[in-house]
Amino acid sequence: MCGIIAYTGRRQCKDLLYQGLRKLEYRGYDSAGLAVLADGRIEVVRAVGNLDSLEKELAGNGCTGASIGLGHTRWATHGRPSTKNAHPHLDCTGKISIVLNGIIENYQELRDQLASEGHKFASETDAEVVSHLVEKHYDDDLVDAVRRSIDVISGHFAFCVIHGDHPELIVGARKECPLLIGVGEGENFIASAIPAFLSETRDVMVIEDGEMVVVTPESIKIIDLDLQPVEREVTRVSWNAEAAEKGGFETFMRKEIFEQPDALADTMAGRLPESGGIVLEELAIPNEELAQIDKVYIVACGTSYHAGLVGRYVLENWSRVAVELDVASEFRYRDPVLSPTTLVVGISQSGETADTLAAMRQARSQGAKVIAITNIMGSQATRDADGILYTRAGLEIGVAATKTHVAQIAAIQLLALYLAQIKKTLGSEELEAIIAELKTIPDLMREYLKNESATHEIAKRYYQQPFFLYLGRGVGLPVCLEGALKLKEISYIPTEAYAAGEMKHGPIALLDKGSPVVVVATDGHVYDKVVSNIEEVRARDASVIAVATEGNERINSLSEDVMYIPETSEMLSPLLSVVPLQLLAYHIAQLKGCNVDQPRNLAKTVTVE
Ligand code: M6R
């Protein structure tokens, strides 16, 4: 978590850094700050809260005239959100400044040691030890000081350092947390993510794990920890700056919900050729090996885990392979039974989630084949996997995942169909019929999104309710889990999501007259069972809000409200049934006046355990 940016060039850097931080705000918004260097002096401006607070602080402050500086937007780990804990941090002399993303695990030990040597700390953060370490090791050579500091740090991090005696130089270092270079003409950027400099340059160099980078306006040198130069290509990214803007929508989340049909179509593009079948080129695991796979193990967190849950149903149903699934933070501390014929699928939109990466690495070390399903090209997950299946949802800024989620569901459906094709667990006619239907889903979703007013009306009726229960069965269950997560994370309303058949074993006690119960009751082989559960809810006078398949008139007499989705086959239905639940959560949160793009306490990329 946290976003960092650094600039060195000929232009005044204050605005460039600030605008870059605006694009990184999704990574954390507990506090933010800038450090700029001019005439050998470093000036630091920091503020608690999101970038609006920093903007006010900057308005009353100079910070002009500098053309080298650092910026940071924080998601607090060590030390509460406060001005003194905001980055950038300084050393004792005020000549060295750092910004850091990540965690220094041995910071207490280092801090005690540095304090005993006379260093004075100004914050409660782990990050500040890095500025004092660089100070301790500095002997006119900033690169060497950073290198020697890295030697004693344990944890995962990406940081950048400037020094008052080096008016053009930025030194950066990376261990597990992302760090990229934006290559300009007579100027260069370093940042946690591409959007930070996308409006200035689309030429990017990736800094790999265990590398350092030494940047001036005219030069970029990537070096390894033996200080040996490393060759790295410059890649031109296809995103444009507009992708990181709201494009006329009132929020990023809303824009991203409406981009879902394109995210789906793009994720399928080129993988379902006219000639028939499925082509998954980046998988890079030979078909002969995939044919031997006897177990798929899915690891992921949050919304990505819910996409994985859908994966379980389609993999069992289409590919007839045993599927296990765990949240990555549990998997990594268990002793899972894996073998070379186990395929582990790590799902992570960011490709940087610490727990998911650790789970994937663990699986690989146990000899399993690992595939990453991710939305970010070149992310760490792609390096910790044998094969990759990219979702092509485009940049997602809203902290609550939406378009990346439906793209993840599509990706795992493609994987299941691909395995079915290899293992011949589906007849070719059946396979082609599913593919043909899958291709129609983006248009169905596009049509659906034209009629969201019904969902808005429902939200108006229920937004003041203190609690929502979500029920579903089969592929409807992960959809409920995701709907409940969306509502709680952006509106702060407590929710519970349960397998509908389990309700009578406990959650039914929560129901009272008028309690809203959202039920996914789309057509499928468990539909009648779901109806029985709806009856149980109604017998307690609770209010049923159903998600049902168009044409199902009967559900009207069983529910207070119905959100209809277009007709689809059962295994493809989550692609559509999750959309009304995203919209319901969205409208409720908006009616409650919540900041849907930046829910409290959350961050888009969770690079800490
Ligand atoms: O980047 P990832 O997909 O690995 O992120 C996993 C979760 O942190 C993420 O899905 C989180 O639950 C979102 N807030 C969901 O909206």
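Listed values, structure above:
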item	result
Residue check, Val214 modelled with pLDDT of 90 or more, assigned to a strand (DSSP E or B) and over 24 Å from the mean Cα position of the chain (by Cα)	yes
Filter result for Asp355 (acidic (Asp, Glu), under 22 Å from Tyr498 (Cα atoms) and open to solvent by less than 40 Å² (accessible area, probe 1.4 Å))	no
Filter result (open to solvent by 30 Å² or more (accessible area, probe 1.4 Å), part of a loop (DSSP other than H, G, I, E, B) and more than 25 Å from Cys2 (Cα to Cα)) within the stretch 102-121	Glu117, Gly118
Residue check for Asp126: over 14 Å from Thr93 (Cα atoms), under 33 Å from the mean Cα position of the chain (by Cα) and exposed (fewer than 14 other Cβ atoms within 10 Å of the Cβ)	no
All positions within the stretch 566-609 that are part of a loop (DSSP other than H, G, I, E, B), away from the ligand (no atom under 15 Å from the Cβ) and either touching a residue at least 12 places away in the same chain (Cβ under 8 Å) or crowded, with 23+ Cβ neighbours inside 10 Å (or both)	Pro566, Glu567, Thr568, Ser569, Ser573, Lys592
Among the candidates Thr495, Thr425, residue that is farther than 23 Å from His405 by Cα and polar (S, T, N, Q)	Thr425
Glu489 of a type in the set (D, E, K, R), in contact with a Leu (Cβ under 9 Å, 6 or more places away or on another chain) and part of a strand (DSSP E or B)	no
Residue match in the stretch 277-289 (condition: within 16 Å of the ligand (Cβ to nearest atom) and either touching a residue at least 60 places away in the same chain (Cβ under 8 Å) or crowded, with 17+ Cβ neighbours inside 10 Å (or both))	no
Residues satisfying the stated conditions in the stretch 425-439, i.e. open to solvent by less than 60 Å² (accessible area, probe 1.4 Å) and hydroxyl-bearing (Ser, Thr, Tyr)	Thr425
Given (1) within 16 Å of the ligand (Cβ to nearest atom); (2) aromatic (Phe, Trp, Tyr); (3) over 30 Å from Glu25 (Cβ atoms), number of the condition Tyr390 does not satisfy	(3)
Residues of the stretch 393-413 that turn out to be away from the ligand (no atom under 14 Å from the Cβ) and surrounded by fewer than 24 Cβ atoms within 10 Å (Cβ to Cβ), as a count	1
Complete set of residues in the stretch 318-352 that are away from the ligand (no atom under 16 Å from the Cβ) and surrounded by fewer than 17 Cβ atoms within 10 Å (Cβ to Cβ)	Arg320, Ala322, Glu324, Tyr333, Arg334, Asp335, Val337, Ser339, Pro340, Thr341
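The values are calculated or read from the model by the stated rules, or taken from the named source; none is laboratory data. Bear in mind that the values here come from a model prediction, so they are computed numbers and not experimental data. We place every Cβ from the backbone using ideal geometry, glycine too, and count neighbours over all the protein chains shown. The area values use the complete protein model at the heavy-atom level, side chains included, leaving out ligands, DNA and RNA. Shrake-Rupley method; radii C 1.70, N 1.55, O 1.52, S 1.80 Å.
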